[in-house]
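All remarks here apply to the structure that follows.
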Amino acid sequence: MGVAGCGKSSLAALVAQTQGLSLIEGDDFHSADSRAKMSQGIALTDADREGWLSRLGEELRQHADGAVLSCSALKRQYRERLRAAAPGLRFVFLEIDREQAQQRVTARAPQHFFSTRLVDSQFATLESPLGEERVLRLDATAPLARLQAEVDAWLKQGETA
Ligand SMILES: Nc1ncnc2c1ncn2[C@@H]1O[C@H](COP(=O)(O)OP(=O)(O)O)[C@@H](O)[C@H]1O
Ligand SMILES: O=C(O)[C@H](O)[C@@H](O)[C@H](O)[C@H](O)COP(=O)(O)O
């Protein structure tokens, strides 16, 4: 989880591969309207995210043996929705500052639907998950291989907040 550009999709793919788990790419479950909004620089609302979170919860339920989900999960209420679908769900919080996120989103813009104008709204919406159960905070600017190793170690050792 984390704001656009923090590295969710990149890290989730690596972790799924090394753990031998299915990958659920959250972006693939947005409605066409939501994708159009985001590409036009219009931030999603709770109502826009409602159906998306339901679909992601359904995906989690269908992968009861485990899966890796990349999902912004910016607000606590969104995370609670996902936890309700998958009790014991763990969250890796990729923390990044606004400047770095903006740089990454701008660099990938030619190949990605997400508007560079939405980074500020991602930070305005973000409610930090620190203090919630089963959350690992990582520095999103560390090399991907190191992040993946940290997640693997965390999964192996059990819960560490
Ligand atoms: N740990 C990292 N170090 C450097 N660049 C990264 C890292 N993680 C992701 N990136 C790059 O940042 C951009 C955004 O990553 P992405 O995985 O699409 O983030 P998100 O899914 O959170 O929006 C991509 O160009 C990706 O290659
Ligand atoms: O909740 C939201 O506002 C959206 O989920 C938003 O965060 C978006 O889907 C991604 O962040 C863009 O795509 P990336 O996941 O690649 O950033």
_Qualifying residues in the range 101-157 (those that are more than 10 Å from ligand 1 (Cβ to nearest atom) and aromatic (Phe, Trp, Tyr)) - the one surrounded by the fewest Cβ atoms within 10 Å (Cβ to Cβ)_ = 113
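Across the range 36-50, what is the number of residues that are under 16 Å from residue 3 (Cα atoms) and either within 9 Å of ligand 2 (Cβ to nearest atom) or outside any loop (DSSP other than H, G, I, E, B) (or both)?
Final tally of qualifying residues: 6.
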*Restricting to the range 34-61, what's the tally of residues that are farther than 20 Å from residue 76 by Cα and loosely packed, with under 12 Cβ neighbours inside 10 Å?*
1
*Which one of 157, 77, 122, 102 is touching a helix residue (DSSP H, G or I) at 6+ places or on another chain (Cβ under 6 Å) and of a type in the set (S, T, N, Q)?*
102
*From 95, 127, 59, grab the single residue that is within 28 Å of residue 20 (Cβ to Cβ), at pLDDT 95 or above, touching a Lys or Arg at 6+ places or on another chain (Cβ under 9 Å) and not hydrophobic (A, V, I, L, M, F, W, C).*
95
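I want to confirm something. Restricting to the range 8-26 and keeping residues that are touching a residue at least 60 places away in the same chain (Cβ under 8 Å) and either in contact with a helix residue (DSSP H, G or I) (Cβ under 7 Å, 6 or more places away or on another chain) or of a type in the set (S, T, N, Q) (or both), which single residue is farthest from ligand 1 (Cβ to nearest atom)? Reasoning before the result, please.
Just the residues of the range 8-26 that are touching a residue at least 60 places away in the same chain (Cβ under 8 Å), to begin with: 8-11, 14-15, 18-19.
Next cut, either in contact with a helix residue (DSSP H, G or I) (Cβ under 7 Å, 6 or more places away or on another chain) or of a type in the set (S, T, N, Q) (or both) only: 9-11, 14-15, 18-19.
Numbers: 9: 3, 10: 3, 11: 6, 14: 9, 15: 12, 18: 15, 19: 17 Å.
So the residue we want is 19.
Which of the helices (runs of 4 or more DSSP H) contained wholly in the range 80-158 include at least 1 residues that are closer than 26 Å to residue 34 by Cβ? Talk me through it step by step, then tell me what you get.
Values: elements: 98-108, 119-125, 144-157.
Counting at least 1 such residues, we get 98-108, 119-125.
The values are calculated or read from the model by the stated rules, or taken from the named source; none is laboratory data. Remember, it's a predicted structure, so these values are computed and weren't measured experimentally. As a convention, Cβ positions derive from the backbone with ideal geometry for all residues, glycine included, and neighbour counts pool all protein chains shown.
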